[in-house]
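Read through the structure below, which is laid out as structure tokens, and then see the notes.
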Amino acid sequence: MRTLDVEWAKDWMRRSSATLTEHRMELIDLDRAIGDGDHGENMARGFAVVAQRIDETPPDDVAGVFKLVAQTLMAKVGGAAGPLYGTAFMRAAKASEGDLDAAWVGTLCEAALDGIVARGKATTGEKTMVDAWTPAIAAAKAAADAGRSPAQTLRAAAAAAAEGAEATIPLRATKGRASYLGERSIGHKDPGSTSTAYLLACAADAAEAAESRGR
Ligand code: ADP
Ligand code: MG
């Protein structure tokens, strides 16, 4: 049984649409505090279109799902997050060949981070989504090395991303719109790290559902 197949990828995106809609106001409020307040709306709307397109024209492999996500986010999501996540999923698509096992989860997170860094030139500690993806990679690698299943590996990555998002609170933003606030960005959680943690949690939920169906 292969957990991380096209059905998983489609389920991941449907769950992301539902979760980002559910947390739309929270992401709006986080972005209102240190940005322009559009992150929740952008993400909820973008992933709603992703979910709709996946049902209308279902891709036939994982790379196809990620390409659809990338193209949709680039076209439909304004602000910084659209191109950043768009590039992340484009790189993820390119990294989705061969055996998509537990060890690949680290490769997936690494590809996403590479895309975000190529686009946004941020490094860790600048209070951006880089602070969620970076610990996710390390956690995924450690979990896969310890023999965890794909779902457990994704869960470890999601937990590390959520911790990374929390750890942005005391940071001063030096990239993106929040950097205009300087010292006043301190004390608020970064919206993009928060949405990253939700996306990875949805990937883990979808993998858990696939693993329990396969049992
Ligand atoms: P905008 O700031 O244009 O309104 P969004 O509100 O959709 O865009 O997204 C803001 C999020 O984008 C931030 O919370 C941060 O995580 C992320 N971000 C902004 N600039 C960068 C960057 N240069 N590198 C990585 N992530 C960034
Ligand atoms: Mg914004």
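Observations on the model:
- Some residue of the stretch 78-92 being in contact with a Phe, Trp or Tyr (Cβ under 9 Å, 6 or more places away or on another chain), of a type in the set (V, I, T) and within 16 Å of M129 (Cβ to Cβ): no
- Criterion applied to G46, G86, G82, G37 was being in contact with a Ser or Thr (Cβ under 9 Å, 6 or more places away or on another chain), at pLDDT 95 or above and within 10 Å of ligand 1 (Cβ to nearest atom), and the one residue passing it is G46.
- Filtered residues of the stretch 163-200 (kept if surrounded by fewer than 20 Cβ atoms within 10 Å (Cβ to Cβ), more than 9 Å from ligand 1 (Cβ to nearest atom) and part of a helix (DSSP H, G or I)): E163, E166, Y180, L181, G182, E183, R184
- Within the stretch 97-125, the residues that satisfy the criterion of being surrounded by fewer than 23 Cβ atoms within 10 Å (Cβ to Cβ), more than 16 Å from ligand 2 (Cβ to nearest atom) and not in a helix (DSSP H, G or I) are E97, G98, D99, D101, K121, T123, T124, G125.
- Qualifying positions in the stretch 189-215 - out of contact with any Leu (no Cβ under 7 Å at 6 or more places or on another chain) and under 17 Å from D38 (Cα atoms): D190, G192, S193, T196
- Restricting A132, A136, A203 to those that are part of a helix (DSSP H, G or I) and in contact with a Cys (Cβ under 6 Å, 6 or more places away or on another chain) reduces the list to A136.
- Total residues in the stretch 69-96, condition under 15 Å from R45 (Cα atoms), of a type outside the set (A, V, I, L, M, F, W, C) and more than 16 Å from ligand 2 (Cβ to nearest atom): 2
- Residue check, L100 modelled with pLDDT of 95 or more, within 16 Å of ligand 1 (Cβ to nearest atom) and of a type outside the set (F, W, Y): no
The values are calculated or read from the model by the stated rules, or taken from the named source; none is laboratory data. All values derive from a computational prediction rather than experimental measurement. Glycine gets a Cβ as well: all are built from the backbone with ideal geometry, and neighbour counts include every protein chain shown.
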